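Reading through the structure tokens given below for one structure.
The values are calculated or read from the model by the stated rules, or taken from the named source; none is laboratory data. On a predicted model such as this, the values are computed, not experimentally measured, just so you know. Using ideal geometry, Cβ is built from the backbone for each residue, glycine included, and neighbour counts are taken over all protein chains shown. Ligands, DNA and RNA are stripped out before the accessible areas are found, and what is left, the full protein with its side chains, is counted by its heavy atoms. Shrake-Rupley method; radii C 1.70, N 1.55, O 1.52, S 1.80 Å.
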Amino acid sequence: MSHDMSEEKLPEHRGSEGHEVAVHDDPFADPGLPPHEVRRTDIDERAARRAERQVALLFTVSMLATIGFIASYVVFPIDQIVFIWPFGHVSSLNFALGTTLGAALFCIGAGAVHWARTLMSDVEVADERHPIEAPEDVRAKVISDFKAGAEESGFGRRKLLRNTLIGSMALVPLSGVVLLRDLGPLPGKKLEHTGWDAATPAKPIKLVSMNTDEPLKAEDVTVGSLVFAKPQGLSEASEGFQQAIAKDAVMLVRIAPEDIKDRPSREMGFDGILAFSKICTHVGCPISLYEQQTHHVLCPCHQSTFDLSDGARVIFGPAGHPLPQLKIKTDADGNLIATGDFNAPVGPSYWERA
Amino acid sequence: MKKLSARRRHPLAALVVLLFALAATGGLYAAFAPAGTAQADSSSQSLAIEEGKKLYAVGCSSCHGLNGQGGTDGPSLVGVGSAAVDFQVGTGRMPAQQPGAQVPAKKNIYSQAQIDQLAAYVASFGPGPVAPTKDQYDTAKGDVSAGGELFRTNCAQCHNFAGKGGALTHGKYAPALDNTSPKHIYEAMQTGPQNMPAFPDSVMPEKQKRDIVAFVRHTAEAPSPGGMDLGSLGPVTEGLFGWIFGLGALIAVAIWVAAHTSKAKKS
């Protein structure tokens, strides 16, 4: 019994040491409600009338503010900028609409609170709990009624009706289950490929600048520069552009070839021009915060950092894979072309990813 | 004619012919030579390079080397062009105060004439981007809305959608563009200072640069209809402001209401 509380510390034993502690016979008895105290508005009719006027005033201010809102909407021009301390330069229309609507809502709330605190009854009321269970005779009647109903319906006797009813009820939810098919079809190989997949050595796809919409030439991309590219034929006006560019976006940088540490990566580029996916491999944010001296690319969402001079290796942050790289070369006219897809699926990791 | 013909074997005839030929060549050269102004220009240019060389020796050579070849403390300046010098010195970044993650902008101590002389000298190391003319960065001629689209594609990832700047790796940052002059914005795009990538004319033509300059200046100068922009950082600061000041005011009102009893007998 070593973990029991020491009995000497209990209040009854303190008395022997000369410090008397008053202990009730039942320390857990319900003390009941404190006596009700009246408010000034309960006993002073003038105070009550004043409170009434205050509440009415608040509601009136709210009405005026609403009228003010409508008036400001009509009066203030949409492009007028004024200086209001401490907000600085602000549109007069925005400011007037916000202030009047705020005042209208606040005054309704303040009036309601003031009304409840001063004029509505604040007498404490206690309701005793009662058992939830129904009385015995009511329960007996419900049970006998149910039995009579079951007997009259013939549910137990007419087995054909019963079984077909159960069958129909069991089948109804299947409609909902069939609709779950709309979650599919399974993506299959779709996640592994982008728009660049259509490129082959025989039919390469040109890299087109996002800025000029013109095919990019190798000499256009100077050391230290950054340019974004898309596959030729993908136009901003075309349907599904957003879905396509979310996978096809390419970030082109040129690094002096002797600074590229990763040889396979260097060989996938052309004379130091490297093409990487613009989509972070963590959760797929567009990523292009490129530092041309350190060759780092930072993702603004979760600070994953990739080293483009080292095969876009992850050097910081939660990303699990290096950025996919697109193998590029030049055609006879010096245009940059791709002859295949990225070397890895773009975007975040997924279950079936190899 | 006979007289002339009779003296054709005179010992001095060859000398006379030679003098005639020389005079004809000189005269023809004087008539067809390139205009004299070009000569004057090149001499003022070489004068600027001379002056720039002196300024360079004092302010730059300790890090970038006596001939711009670079060293352990500073990169080579061969091929950076006059635009890079005009940007780096004009924004006060160069001469740098101390090494570090990034050289900050500070007060510029050179006059524009001195910067031009320095730029002329550094440009003589090798060909590079040339400082733009006024027309190239004239915000009045730029298309603000096209510039906005280009800005969001090429610049906003680091400099924020409203040009307020942002953090990069290891203490580096993209500076705010609020107080950057049109010329310096243009030059930064041309040359890619420090860790900023360059956007040469081959991937971002001059007109697009002018549009971007127009957009950046418009965004910096146009008043915000919403009042306080809270750093234009978007939902983070706006949410924080709402939670602290909006909810804070509501809690203060609730406490004030509860602290004032309506009972007749104050306890």
Scan of the stretch A:207-237 for residues that are under 38 Å from the mean Cα position of the chain (by Cα), open to solvent by 40 Å² or more (accessible area, probe 1.4 Å) and over 16 Å from B:Pro205 (Cβ atoms), ordered by number:
A:Gln232, A:Gly233, A:Ser235, A:Glu236, A:Ala237
Can you tell me which residues in the stretch B:255-266 are surrounded by 11 or more Cβ atoms within 10 Å (Cβ to Cβ) and within 60 Å of the chain's Cα centre (by Cα)?
B:Val257
Looking only at the stretch A:193-206, count how many residues are open to solvent by less than 100 Å² (accessible area, probe 1.4 Å) and over 17 Å from A:Ala249 (Cβ atoms).
3
Expected single match for closer than 30 Å to A:Asp30 by Cβ and among the polar types (S, T, N, Q) among A:Ser121, A:Ser168, A:Ser153 is A:Ser121
State whether the residues of the stretch A:168-175 include one that is part of a helix (DSSP H, G or I), at pLDDT below 90 and open to solvent by 100 Å² or more (accessible area, probe 1.4 Å).
no
For A:Phe155, state whether it is in a loop (DSSP other than H, G, I, E, B) and more than 14 Å from chain B (Cβ to nearest Cβ).
yes
Residue that is more than 26 Å from A:Cys285 (Cα to Cα), within 11 Å of chain A (Cβ to nearest Cβ) and surrounded by 17 or more Cβ atoms within 10 Å (Cβ to Cβ), where the choices are B:Asp201, B:Asp211
B:Asp211
Of these, A:Ala134, A:Ala110, A:Ala116, which one is more than 13 Å from chain B (Cβ to nearest Cβ) and either surrounded by 10 or more Cβ atoms within 10 Å (Cβ to Cβ) or not in a helix (DSSP H, G or I) (or both)?
A:Ala134
Of all residues making up the stretch A:273-326, the number that are within 14 Å of chain B (Cβ to nearest Cβ) and open to solvent by less than 30 Å² (accessible area, probe 1.4 Å):
24
Can we say A:Leu119 is in contact (Cβ under 8 Å) with a residue 24 or more places away in the chain and in contact with an Asp or Glu (Cβ under 7 Å, 6 or more places away or on another chain)?
yes
Would it be correct to say that A:Leu336 is buried (at least 23 other Cβ atoms within 10 Å of the Cβ), assigned by TED's automatic domain parsing to the domain that holds A:Leu207 and in a loop (DSSP other than H, G, I, E, B)?
no
Breaking point among (1) at pLDDT 90 or above; (2) assigned to a loop (DSSP other than H, G, I, E, B), for B:Gln208:
(2)
Checking the condition in contact with a Gly (Cβ under 9 Å, 6 or more places away or on another chain) and modelled with pLDDT of 95 or more, which residue from A:Leu57, A:Leu105 passes?
A:Leu57
Looking only at the stretch A:49-82, which residues are within 9 Å of chain B (Cβ to nearest Cβ) and open to solvent by 100 Å² or more (accessible area, probe 1.4 Å)?
A:Ile78, A:Asp79
Within the stretch B:112-121, is there a residue that is open to solvent by 50 Å² or more (accessible area, probe 1.4 Å), closer than 23 Å to B:Arg217 by Cα and hydrophobic (A, V, I, L, M, F, W, C)?
no
